[in-house]
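Handing you this structure, nothing more for now.
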Amino acid sequence: MFKILPDQPVAPGEKWSYSWQDENGRYSETYTLNSVNDSTILVDYAATSSTITKAEMMGNPTTTKMNNKTTGKIIIDRLTGLLIEKNTSTESNGSTEGGFGDIPVTSKVTAVLKVSSVL
């Protein structure tokens with residue numbers, strides 16, 4: 001969430017990516033520099049992930065497997081390089097398996113993260 005801009009300079013239209021894997025799944029993020037003005041940097045954001053979550057439902061162990069696709073826009077302060085705002089839309093599809101069978105799961109989430117100074 002905090003590392004957005006790459007270490008090397010980029011021009012509008014150029015892309016950079018980050019990918020990683022942990023015990024909960026595989027993740028991939030792609031950023032595209034959209035535009036730069038006097039005060040902000042606008043970045044297009046796209047991400048995919050495949051996750052596995054283990055939990056318990058009514059005393060029974062469950063495993064939820066999801067495939068997620070996210071798109072959005074990020075606004076960065078040009079002077080500080082810090083995030084100002086991140087707007088994303090995520091669509092997820094998968095299933096939850098447990099002692100009660102296999103249940104399909106879908107979700108759509110729209111999120112807006114705004115950062116402001118407390119001073």
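Only one of N60, N67 is under 18 Å from E91 (Cα atoms) and in contact with a Gly (Cβ under 7 Å, 6 or more places away or on another chain). Can you tell me which?
Among N60, N67, only N67 is under 18 Å from E91 (Cα atoms) and in contact with a Gly (Cβ under 7 Å, 6 or more places away or on another chain).
Can D102 be described as of a type outside the set (A, V, I, L, M, F, W, C) and free of Cβ contacts under 8 Å to residues at least 12 places away in the same chain?
yes
Could you check the stretch 1-49 and list, in sequence order, the residues that are in a strand (DSSP E or B), more than 14 Å from K69 (Cα to Cα), hydrophobic (A, V, I, L, M, F, W, C) and within 20 Å of the chain's Cα centre (by Cα)?
W16, W20, L33, I41, L42, V43
With respect to K54, is the statement that it is under 17 Å from the mean Cα position of the chain (by Cα) and either buried (at least 16 other Cβ atoms within 10 Å of the Cβ) or among the charged types (D, E, K, R) (or both) true?
no
Look through the stretch 78-100, keep the residues that are surrounded by fewer than 17 Cβ atoms within 10 Å (Cβ to Cβ), modelled with pLDDT under 95 and more than 23 Å from E56 (Cβ to Cβ), and return whichever of them is nearest to the chain's Cα centre (by Cα).
L82
Going by the structure shown, is I74 of a type outside the set (G, A, S), touching a residue at least 60 places away in the same chain (Cβ under 8 Å), in contact with a strand residue (DSSP E or B) (Cβ under 7 Å, 6 or more places away or on another chain) and part of a strand (DSSP E or B)?
Values: of a type outside the set (G, A, S): yes; touching a residue at least 60 places away in the same chain (Cβ under 8 Å): yes; in contact with a strand residue (DSSP E or B) (Cβ under 7 Å, 6 or more places away or on another chain): yes; part of a strand (DSSP E or B): yes.
So I74 fits the description; yes.
Among S89, S116, S107, which is the only one that is touching a Gly at 6+ places or on another chain (Cβ under 8 Å) and among the small types (G, A, S)?
Numbers: S116 fails: touching a Gly at 6+ places or on another chain (Cβ under 8 Å); S107 fails: touching a Gly at 6+ places or on another chain (Cβ under 8 Å).
So the residue among S89, S116, S107 that is touching a Gly at 6+ places or on another chain (Cβ under 8 Å) and among the small types (G, A, S) is S89.
Name every residue in the stretch 103-119 that is part of a strand (DSSP E or B), surrounded by 10 or more Cβ atoms within 10 Å (Cβ to Cβ) and out of contact with any Asp or Glu (no Cβ under 6 Å at 6 or more places or on another chain), in order of residue number.
Residues of the stretch 103-119 that are part of a strand (DSSP E or B), as a first pass: 103-114.
Restricting the remaining residues to those that are surrounded by 10 or more Cβ atoms within 10 Å (Cβ to Cβ) gives 103, 105-107, 109, 111, 113-114.
Across the stretch 103-119, the qualifying residues are I103, V105, T106, S107, V109, A111, L113.
Next question. Tally up the residues in the stretch 81-99 that are outside any strand (DSSP E or B) and free of Cβ contacts under 8 Å to residues at least 40 places away in the same chain, please.
So the count comes out to 2.
The values are calculated or read from the model by the stated rules, or taken from the named source; none is laboratory data. From a predicted model like this one, the values you see are computed outputs, not experimental measurements. Because the Cβ atoms are built from the backbone with ideal geometry, glycine has one as well, and the counts that use them run over all protein chains shown.
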